[in-house]
Amino acid sequence: MSKKKLTYEASGVNIHEGYKEIKLIKTLAKSTYNSNVLNSLGSFAGMVKIPKGMKEPIMVSGTDGVGTKIAIACKYKKYNTVGIDCVAMCVNDVLCHGATPSFFLDYIACGKLDALVARDLVKGVTEGCKQANSSLIGGETAEMPGIYKPGDYDLAGFSVGLVEKNKIINGKNIKPGGVLIGIASSGCHSNGFSLIRKAFTNMNENFENKPIWKTLLTPTKIYVKPILALMKKVDIKGMAHITGGGFIENAPRMLSKKGLTLVIKKNSYPIPSIFKEINKRGVDINHMYNTFNMGIGFIVCVDKKDVIKTLSILKSLKEKAYEIGYIKKGNKEIELI
């Protein structure tokens with residue numbers, strides 16, 4: 001009696017689908033390249049040179065994922081936007097230290113690979129990289145039957161940026177009297193979705209004339225271009241990306257010394273309707289400020305003399321920005337008033 005031959009495909013991994021995926025995404029990745037990229041997708045590693053003119057370049061890195069927001073994308077087979085979220089979650093973090101995102105790597109995991117789905121996920125990553133002026137130089141797709149169910153996908157990424165050592169923004173120059181400028185988010189971004197999915201049990205429910213899932217899949221805003229433009233004209237003292245943990249966890253991360261308190265004025269800007277709806281569904285408002293961005297995705301701290309200039313520049317860049325708080329002496333990291 002002959003033994004049945006074991007193959008990788010019989011175990012649930014289709015290597016030919018993987019080959020198909022690579023062919024589909026090569027052109028997408030190449031569309032993000034700039035003159036600093038030294039090789040093409042398919043090598044064992046991506047290579048990028050340091051741009052000419054930098055005297056003491058410092059590499060700044062960040063990694064993150066889309067979280068359970070991708071469950072909504074998978075359920076409704078809308079895969080081409082969560083890649084933007086993936087890039088945004090990484091590059092916005094790197095940006096907080098004054099770094100210009102240089103290159104990006106992505107990681108896709110699934111139970112059963114569909115090359116067309118992977119292509120659509122990478123389409124979003126590509127779009128995010130273009131918004132951030134970052135090159136997609138590599139990544140990994142892992143087909144893992146038994147770990148993920150067929151139809152399940154996960155998406156994460158890794159960003160590296162560059163900044164001159166003497167231009168690093170780390171909050172050391174923040175002092176009492178500093179003013180906090182908040183820049184509007186595009187919605188829930190990619191945080192708190194385990195809670196959101198409990199609040200909205202029927203994702204097809206109508207919300208502002210469309211199914212709620214469409215609103216929830218609005219991609220995370222990428223702040224790279226407006227912030228880099230602002231940095232050329234304003235001396236920014238500190239920055240914070242408002243992600244998981246909301247205002248309470250993230251805003252104080254711009255501080256590098258004790259004895260300072262960030263004061264956030266909750267009524268200083270309009271709260272988007274999606275957050276009001278989540279509150280109506282039973283989520284306590286105080287808990288929301290510790291979970292969601294509440295309409296502000298990015299905060300910069302500037303001297304009082306630069307407030308009008310900062311708001312004017314952001315307005316000229318078509319950004320909705322508001323004076324949302326200030327810095328004072330104190331032992332609490334943050335106060336919401």
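The values are calculated or read from the model by the stated rules, or taken from the named source; none is laboratory data. A quick note: this is a predicted structure, and the numbers were derived from the prediction, not measured. Because the Cβ atoms are built from the backbone with ideal geometry, glycine has one as well, and the counts that use them run over all protein chains shown. Side chains included, ligands, DNA and RNA excluded: accessible areas come from the protein's heavy atoms. Shrake-Rupley method; radii C 1.70, N 1.55, O 1.52, S 1.80 Å.
Quick one: longest stretch of the chain between exposed loop chymotrypsin sites (Phe, Trp or Tyr not before Pro), exposed meaning at most 12 other C-beta atoms within 10 Å and loop per DSSP?
Working: sites that count: TYR8, PHE44.
The longest such stretch corresponds to 45-337.
Starting from the exponent 0.38 and prefactor 2.2 Å, build the expected Rg for segment 52-157 from its residue count and divide its actual Cα Rg by it. Please list the in-between numbers first.
Details: Rg = 14.7 Å, N = 106, 2.2 N^0.38 = 12.9 Å.
Compactness ratio reported: 1.13.
Can you give me the orientation-averaged projected area of the convex hull built on the Cα atoms of segment 185-306, in nm²?
Working: hull surface 34.5 nm².
About 8.6 nm², averaged over all directions.
Could you tell me the center-to-center distance, by alpha carbons, between segment 5-45 and segment 285-305 in angstrom?
Cα centroid to Cα centroid, the span is 39 Å.
Once you charge only the Cβ atoms, +1 for Lys and Arg and -1 for Asp and Glu, what is the size of the charge dipole of the chain about its Cα centre, to the nearest 20 debye? Before the final figure, lay out each step's value.
On the way: 49 positive and 28 negative charges, 132 e Å.
Roughly 640 debye for the chain.
Roll a 1.4 angstrom probe over the protein heavy atoms and tell me the percent of accessible area of the chain that is carbon or sulfur. Show your work: numbers first, answer last.
Working: 8910 of 16870 Å².
After summing per-atom areas, the C and S share lands at 53 percent.
With Cβ to Cβ distances under 11 Å as the rule, what net charge do the other residues near ASN36 carry (K, R +1; D, E -1)? Intermediate results must be reported in sequence, preceding the final value.
Working: positive: LYS49, LYS52; negative: none.
After counting each charged neighbour, the total is +2.
Gain in length, LEU38 to ARG281, computed as 0.36 nm per residue apart minus the alpha-carbon separation, to one decimal in nm? Kindly include the intermediate steps, with their values, before the conclusion.
On the way: separation 243, 0.36 × 243 = 87.48 nm, distance 5.10 nm.
Value of the extension gain: 82.4 nm.
What residues have an amide H closer than 5 Å to that of SER186, excluding those fewer than 5 places away on the same chain, when H is modeled at 1.01 Å from N in the peptide plane?
LYS221
Distance between Cα centroids, segment 181-240 to segment 55-85: provide it in whole Å.
Going from one Cα centre to the other spans 13 Å.
I need the trypsin sites (Lys or Arg not before Pro) found in segment 250-282, filtered to DSSP loop residues with at most 16 other beta carbons within 10 Å of theirs.
Numbers: sites: ARG253, LYS257, LYS258, LYS265, LYS266, LYS276, LYS280, ARG281; in loops: LYS257, LYS258, LYS265, LYS266, ARG281.
Answer by residue number: LYS257, LYS258, LYS265, LYS266, ARG281.
Solvent-accessible area of SER194, probe 1.4 Å, all protein chains present, reported in Å² to the nearest ten, please.
The accessible area of SER194 comes to roughly 70 Å².
Between 0 and 90 degrees, rounded to the nearest ten: what's the tilt of helix 307-316 against the longest Cα principal axis of the chain?
Helix 307-316 sits roughly 40 degrees off the main axis of the chain.
With each label point set 7 Å from Cα along the Cα-Cβ vector, what nm distance links ASN290 and LYS305?
Computed distance between label sites ASN290 and LYS305 equals 4.0 nm.
Just to confirm a number: summing +1 for Lys and Arg and -1 for Asp and Glu over residues other than ASN92 whose beta-carbon lies under 10 angstrom from that of ASN92, what do you get?
Numbers: positive: LYS221; negative: ASP64, ASP93.
Combined, the nearby Lys, Arg, Asp and Glu give -1.
Please give the per residue accessible area of segment 59-185, computed with a probe of 1.4 Å over protein heavy atoms only, in Å². Can you show the working numbers first?
Numbers: 4630 Å² over 127 residues.
Each residue of segment 59-185 exposes 36 Å² on average to a 1.4 Å probe.
Please identify every one of the trypsin sites (Lys or Arg not before Pro) in segment 150-198 that sits in a loop by DSSP and has no more than 13 other beta carbons within 10 Å of its own beta carbon. Intermediate results must be reported in sequence, preceding the final value.
Numbers: sites: LYS165, LYS167, LYS172, ARG197, LYS198; in loops: LYS172.
Of the trypsin sites (Lys or Arg not before Pro), the ones in loops of segment 150-198 whose Cβ has at most 13 other Cβ atoms within 10 Å are LYS172.
Considering only the chain, what is the antiparallel percent among its DSSP beta bridges, to the nearest 5? Mind showing how you got there, number by number?
Values: 42 of 54 bridges.
Around 80 percent antiparallel, to the nearest 5.
To test your reading of the geometry: what angle, between 0 and 90 degrees and rounded to tens, separates the Cα axis of helix 82-95 from the longest principal axis of the chain?
Once rounded, one gets 40 degrees.
Please calculate how many Å² of accessible area segment 192-260 carries per residue, with a 1.4 Å probe and no DNA, RNA or ligand atoms counted. Display every interim value, and only then the final one.
Working: 3200 Å² over 69 residues.
Per-residue accessible area for segment 192-260 comes out at 46 Å².
Restricting to DSSP loop positions (anything but H, G, I, E, B) with no more than 12 other Cβ atoms inside 10 Å of their own Cβ, which GluC sites (Glu not before Pro) remain in segment 161-263? Before the final figure, lay out the partial values.
Details: sites: GLU164, GLU205, GLU208, GLU249; in loops: GLU205, GLU208.
Answer by residue number: GLU205, GLU208.
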